[in-house]
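The values are calculated or read from the model by the stated rules, or taken from the named source; none is laboratory data. These numbers come from a predicted model, not from an experiment. As a convention, Cβ positions derive from the backbone with ideal geometry for all residues, glycine included, and neighbour counts pool all protein chains shown. These accessible areas exclude ligands, DNA and RNA; they are computed on the full protein's heavy atoms, side chains included. Shrake-Rupley method; radii C 1.70, N 1.55, O 1.52, S 1.80 Å.
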Amino acid sequence: MSTIAIAQRLFVALDLPDEVRRQLSQVAESLAQEYDGRVVPVENLHVTLAFLGAIAEEEVDEVRDRVHGALVSSVITTHFTRIVARPRPASAQLLAMEL
């Protein structure tokens, strides 16, 4: 008899202040219109710090607690530097703000 392992694809992200989300959303709307693109809903905008990949369901709580413990005492200050196209400008499938 085989067992099925359930895993979740996790990433670590920082939430953004509402005003920053609003401003980024305006930039995204403008670019989407110009390049016939699709805009990520404003409530989904965030700063991705790391992709963790597939994490076993039974390990998710421990991973979340460890990440939260590491970040809760941190002060993070950053600014946006430029818009980048991925995988490359000639065939971009994603535009992102670089920090």
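The table that follows gives values for the structure above.
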| item | result |
| --- | --- |
| Accessible area of Ile6 in the full protein assembly, 1.4 Å probe (Å², nearest 10) | 100 Å² |
| Distance cut-off 21 Å, percentage of C-alpha pairs in the chain lying past it | 49 percent |
| Mean accessible surface per residue for the stretch 1-94, computed with a 1.4 Å probe while every protein chain stays in place, in Å² | 84 Å² |
| In Å², nearest 10: area of Leu31 left accessible to a 1.4 Å probe | 40 Å² |
| Gyration tensor verdict on the stretch 4-45 (Cα atoms; rounded if a/c is under 1.5, prolate if a/b is larger than b/c, oblate otherwise) | oblate |
| Percent accessible area from carbon and sulfur atoms, the chain, protein chains only, probe 1.4 Å | 54 percent |
| Candidates per trypsin sites (Lys or Arg not before Pro) in the stretch 10-99, loop by DSSP, up to 16 other Cβ within 10 Å | Arg38 |
